[in-house]
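Read the structure below first, then the notes.
The values are calculated or read from the model by the stated rules, or taken from the named source; none is laboratory data. Here the structure is a predicted model, which means the values were calculated and not measured. Cβ: placed from backbone, ideal geometry, glycine included. Neighbour counts: every protein chain shown.
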């Protein structure tokens with residue numbers, strides 16, 4: 001009986017929750033470290049090469065709650081712009097979804113300390129359903145909502161734009177722009193707005209406040225964060241996600257190349273009665289740029 005109640009809670013969270021899963025884009029607490037997951041214009045910006053792995057377990061204590069992993073690889077070429085790859089493996093309940101996109105971006109310097117970039121990402125979404133996990137009340141009648149297809153693939157296309165002026169960054173993007181249907185075998189469009197500012201009161205501490213607005217499936221969510229970096233070796237941070245969670249973040253920077261980060265979401269609102277929170281961890285390796293290269297954007301992502 002207890003397990004049945006937990007499954008009911010999971011279904012309610014999927015349909016009424018603010019965070020977006022299953023037929024929607026994933027949401028991560030360390031969004032400021034993986035901008036290419038929702039805005040391809042950040043592909044290759046400021047780094048020669050970057051590779052990142054991230055894992056998140058959502059809604060601890062609820063059976064079948066979302067578990068996903070992401071892989072991000074991007075770099076800046078000398079001639080054609082930024083290139084990257086982004087892969088997501090998202091499992092929730094009886095459904096598993098793999099999304100893979102190839103990212104491309106190009107930018108122009110508008111002045112000595114301003115730059116604009118445009119990005120595109122194209123790929124596919126493969127969704128599969130584990131029939132062994134499905135239990136129908138009437139075994140002789142097939143649920144028409146699921147149809148007969150338990151494994152299918154659809155294309156996806158994302159676009160993004162960003163503007164950097166001194167230490168301030170603004171970005172807007174849209175994902176799955178070729179889709180607009182809410183049926184089970186399609187992905188609805190999602191829209192994002194992103195802002196970041198780097199504040200250097202001295203050479204030892206850097207404050208990086210960020211904000212992310214997400215809209216999709218008639219749901220609007222706002223997330224605000226501030227990370228504080230100490231001596232370019234570690235950081236501590238806090239976030240608030242509207243009607244969803246407060247988040248604590250921490251991380252280490254090793255030799256200015258390896259970033260190790262962790263975050264814990266403390267659920268607020270209705271979900272706090274059923275879940276003990278969310279864990280998220282990521283590992284990122286970055287190749288240092290050639291110090292002989294010049295340009296205002298050389299260090300824009302040092303504290304991203």
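Inspect all residues belonging to region 10-24 and state whether any of them is modelled with pLDDT of 70 or more, surrounded by 23 or more Cβ atoms within 10 Å (Cβ to Cβ) and not in a strand (DSSP E or B). Looking for residues that are modelled with pLDDT of 70 or more, surrounded by 23 or more Cβ atoms within 10 Å (Cβ to Cβ) and not in a strand (DSSP E or B), one finds none in region 10-24, hence no. Inspect all residues belonging to region 32-41 and state whether any of them is at pLDDT below 85, within 20 Å of the chain's Cα centre (by Cα) and within 19 Å of residue 280 (Cβ to Cβ). No, region 32-41 contains no residue that is at pLDDT below 85, within 20 Å of the chain's Cα centre (by Cα) and within 19 Å of residue 280 (Cβ to Cβ). Just one of (1) buried (at least 21 other Cβ atoms within 10 Å of the Cβ); (2) at pLDDT below 95 fails for residue 110. It is (1).
Checked against the criteria, residue 119 does not count as touching a strand residue (DSSP E or B) at 6+ places or on another chain (Cβ under 8 Å) and assigned to a loop (DSSP other than H, G, I, E, B). Given (1) farther than 19 Å from residue 29 by Cβ; (2) modelled with pLDDT under 90, where does residue 174 come up short, assuming only one miss? Checking residue 174 against (1) farther than 19 Å from residue 29 by Cβ; (2) modelled with pLDDT under 90, the one that fails is (2). Restricting attention to region 39-58, does a residue exist that is out of contact with any helix residue (DSSP H, G or I) (no Cβ under 7 Å at 6 or more places or on another chain), surrounded by 23 or more Cβ atoms within 10 Å (Cβ to Cβ), touching a residue at least 24 places away in the same chain (Cβ under 8 Å) and at positive phi? Yes. From the list 260, 253, which one is on the phi < 0 side of the Ramachandran plot, without any contact (Cβ under 8 Å) to a residue 60 or more places away in the chain and within 17 Å of the chain's Cα centre (by Cα)? The unique qualifying residue is 260. Within region 211-244, restricting attention to residues that are in contact with a helix residue (DSSP H, G or I) (Cβ under 8 Å, 6 or more places away or on another chain) and at pLDDT 90 or above, the residue that is farthest from residue 192 (Cα to Cα) is 227.
Tallying residues that are closer than 24 Å to residue 248 by Cβ and either without any contact (Cβ under 8 Å) to a residue 12 or more places away in the chain or part of a loop (DSSP other than H, G, I, E, B) (or both) within region 182-219 yields 4. Checking each residue in region 63-116 for being under 18 Å from the mean Cα position of the chain (by Cα) and assigned to a loop (DSSP other than H, G, I, E, B) picks out 65, 66.
Filter region 71-87 down to the residues that are in contact with a strand residue (DSSP E or B) (Cβ under 7 Å, 6 or more places away or on another chain) and surrounded by fewer than 21 Cβ atoms within 10 Å (Cβ to Cβ), then identify the one that is modelled with the lowest pLDDT. The extreme case among them is 77.
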